[in-house]
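Structure first, commentary second.
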């Protein structure tokens, strides 16, 4: 089967517009949440890592007459950058052979995007008497069809929404579409935007940290959400070679799914199933033996690490046993927990680390929890090893691990 290459990246995040802003922000390692500008956010901790007002997309607020919520607008902005970065362009209609002027068959271009809350902001507006200007109803989860419609993708267009593991699953599904021969190119990733109901529910659960997102810290008291979108263009190696793809950031080398089915919201305490997902992903990538023996093939881990008490301990214990001394980079300490987009942001960060061969410094979290024996480096360092492990977990026991590797020479 063909390698699955990462040939384009796009991002809109609390760090600003674009992948370059994201990479600079990773190195600056200095962020903090803000109070959401919502007068109806009557909750104890209305905090979030928000996309700056100056960086909000100025693209369409409607598509084919239907209003687009913040999530769809974010997804479209990141997809536009990723597609341009890959050297592709939105597809005109195909000729009789199915080909287009871009040399792509739109029937072999797919979209796999994810979100936890989608365009819920539109529906919250209707509930409070503030409908969109058109007044038209719109679906809550249109992200994939919005991006697919803009690009002209006539392959599979699917929106994955299994909570905070969703974009990890979307990327894995995208790789499966390529490896099975169903698609040559897949626009994959996730987007999440502020939702009053989501933030209110986590406040009611007592799961919001009143200060910031502090994964693996002794004083952590929950998570803090973030918003934005991260999109990757995944492409078969043969297709990328044939069209002369200008940049290859790496490859999606392995994926492992599991479900512990233990509790609606809590992780299974032994970590057996998250370990299973990690091992499957490492084995599929051909990195398992090296990572487990400490030979250095696994260069870094981007953990799920949300800042919640049990999640961080369980994941730390598994990582300490499976990949001891492998450095961790915490994306959530930088931009918060982006929900259904968290796995995509972790994949974006992993692709950038592999491309630049540099592991940026972690955001300082305070005193590390002695129960979380994981190495968090606070200075920039050269990347060692050829692989990066990405973890994403979700309510309901949905677990996924992805392994990204350096592109073959």
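We did not get these values from a lab; they are worked out from the coordinates using the rules stated. As the structure is a prediction and not an experimental result, all values here were calculated from the model. Glycine gets a Cβ as well: all are built from the backbone with ideal geometry, and neighbour counts include every protein chain shown.
Numbers below:
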item	result
Whole-number D in µm²/s for region 4-243 (Stokes-Einstein; Kirkwood sum over Cα pairs; 4 °C, 1.567 mPa s)	69
Residue-span extension gain [residue 373 to residue 137] - 0.36 nm each, minus C-alpha spacing	80.0 nm
Region 1-133: Rg to Rh, with Rh as the Kirkwood radius over Cα pairs	1.04
Highest average packing first - 385-392, 180-187, Cβ atoms within 10 Å	385-392, 180-187
GNM flexibility winner over the chain from 141, 225, 395 (Cα, springs under 10 Å)	395
Percent RCO, i.e. relative contact order, over the chain, from Cα pairs under 8 Å lying at least 6 residues apart	23
In range of the label at residue 90: residues from region 6-28 whose backbone nitrogen is under 19 Å from the point 7 Å along Cα→Cβ	9-12, 18
Average Cα contact separation per residue, region 4-243, under 8 Å, 6 or more apart, as relative contact order %	30
Stokes-Einstein diffusion coefficient of region 123-220, Kirkwood radius over Cα pairs, 37 °C, 0.692 mPa s, in µm²/s	197
Principal axis box of region 177-290, alpha-carbon based, largest edge first, Å	52, 34, 26
Additional length obtainable on full extension of the chain from residue 28 to residue 180, 0.36 nm per residue less Cα span	50.7 nm
For region 256-405, alpha-carbon Rg and Dmax in angstrom	13.9, 40
Relative contact order %, region 213-331, counting alpha carbon pairs below 8 Å whose residues are six or more apart	32
Mean residue ellipticity (222 nm) of the chain, computed from DSSP H runs ≥ 4 via -39,500 (n - 2.57), nearest 500	-9000 deg cm²/dmol
Among 193, 323, 54: highest mean-square fluctuation, GNM of the chain, C-alpha pairs under 10 Å	54
Most fluctuating residue given options 63, 273, 154, as computed from a GNM of the chain linking Cα atoms under 10 Å	63
Shape category assigned to region 1-62 from the gyration tensor of Cα positions, a/c cut at 1.5	prolate
